[in-house]
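Here the structure comes first, spelled out in structure tokens, and everything after it is commentary.
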């Protein structure tokens, strides 16, 4: 019973902990996918490329693609109110296409995605950190100066060409990336960067983002080596890799609990072999073979592991369901985060891996006692009695 209890507790803890890691991964993934595309196509050489008809045809003939949104991107100096300025990333987008794949309802803190020219001023959508640092509000005017404009001013000995925009919207996004991004219309961005008819890349939204890797491989073959394609995972790969590393690191650390239970199995079965030495000798004398004796103790290890895995799996799934449904364990400082309780997501492949690993350790633990029992000779057992 002690061995069964150890396997039960270890298995239940593994299921709960891995489900919590899966829950955090899913929360971060959904947060990033509200702004990141499923696929991004960029030029391998240079910072921009011209959109050709053959590229557009390939993308149009790919049935998994729901939306394609071209953009142009670069760094600019944004200034407001005299001495207040900041270097930010400007992304020129097609507002209609961008709104179809970005979760604007979750992102917008004020205003809207209105980038049209009104009263000779195009609109700009800024991030909350930029708004706070430059003390900007809806309707304020900002000046944007690109590196291309600075270079032209220095080489041609003219004043820098400054573009003026009106703040039409402010969005709020949990900052996982460092550089703040502001959005303007793609045509205004092409003029700002002096890159007419050029694109920095194409953001693609799929009907099913889980097929991103499959679509990426197909597009790489069709588009050739001229373009570099990244999936949603590739765009934030360091973050996702660290989260997966933490998850499986926790798995192997917590398997120590199951290992302690396994050592209990070794000890308890070895004691049974010592106590039942005379009975084992008697069984051998009436015709039991070594493998028959081994099977008795292997089956006992199997039963201990199976019972512990069933009880531990049921307990772990129950605790995960309770946390997911009722949010029993709250996050410390949850008022500053997007969720209030520890998130939980049960993945059945993880559950199968945990139960299989625990059961395998239990069966392996019974091998030593089984071999020791099979090595007992009938004559030695009777003589010792």
Seminar exercise, completed: Picking from 297, 288, the residue that is assigned to a loop (DSSP other than H, G, I, E, B) and either touching a strand residue (DSSP E or B) at 6+ places or on another chain (Cβ under 9 Å) or assigned by TED's automatic domain parsing to the domain that holds residue 367 (or both) would be 288
Problem set entry | Condition met for residue 50 (in the same structural domain as residue 145 (by TED's automatic domain parsing), surrounded by 14 or more Cβ atoms within 10 Å (Cβ to Cβ) and closer than 23 Å to residue 226 by Cβ) | no
For this session: Would you be able to tell me the number of residues in region 108-125 that are touching a helix residue (DSSP H, G or I) at 6+ places or on another chain (Cβ under 8 Å) and in a strand (DSSP E or B)?
Result: 1
For this session: Determine, yes or no, whether residue 322 is surrounded by fewer than 19 Cβ atoms within 10 Å (Cβ to Cβ), under 29 Å from the mean Cα position of the chain (by Cα), more than 23 Å from residue 266 (Cα to Cα) and in contact (Cβ under 8 Å) with a residue 40 or more places away in the chain.
Result: no
Problem set entry | Unique residue being surrounded by 13 or more Cβ atoms within 10 Å (Cβ to Cβ) and touching a helix residue (DSSP H, G or I) at 6+ places or on another chain (Cβ under 7 Å) when the list is 308, 327 | 308
For this session: Could you please find all residues in region 277-305 being in contact (Cβ under 8 Å) with a residue 12 or more places away in the chain, surrounded by 18 or more Cβ atoms within 10 Å (Cβ to Cβ) and over 51 Å from the mean Cα position of the chain (by Cα)?
Result: 277, 280, 281, 284
For this session: Among the numbered conditions (1) touching a strand residue (DSSP E or B) at 6+ places or on another chain (Cβ under 9 Å); (2) touching a residue at least 24 places away in the same chain (Cβ under 8 Å), tell me where residue 211 comes up short.
Result: (1)
Problem set entry | From 261, 250, residue being buried (at least 17 other Cβ atoms within 10 Å of the Cβ) and either part of a helix (DSSP H, G or I) or touching a strand residue (DSSP E or B) at 6+ places or on another chain (Cβ under 9 Å) (or both) | 261
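The values are calculated or read from the model by the stated rules, or taken from the named source; none is laboratory data. All values reported here derive from a predicted model rather than from experimental measurement. Please note: Cβ atoms are built from the backbone with ideal geometry, for glycine as well, and neighbour counts cover all protein chains shown.
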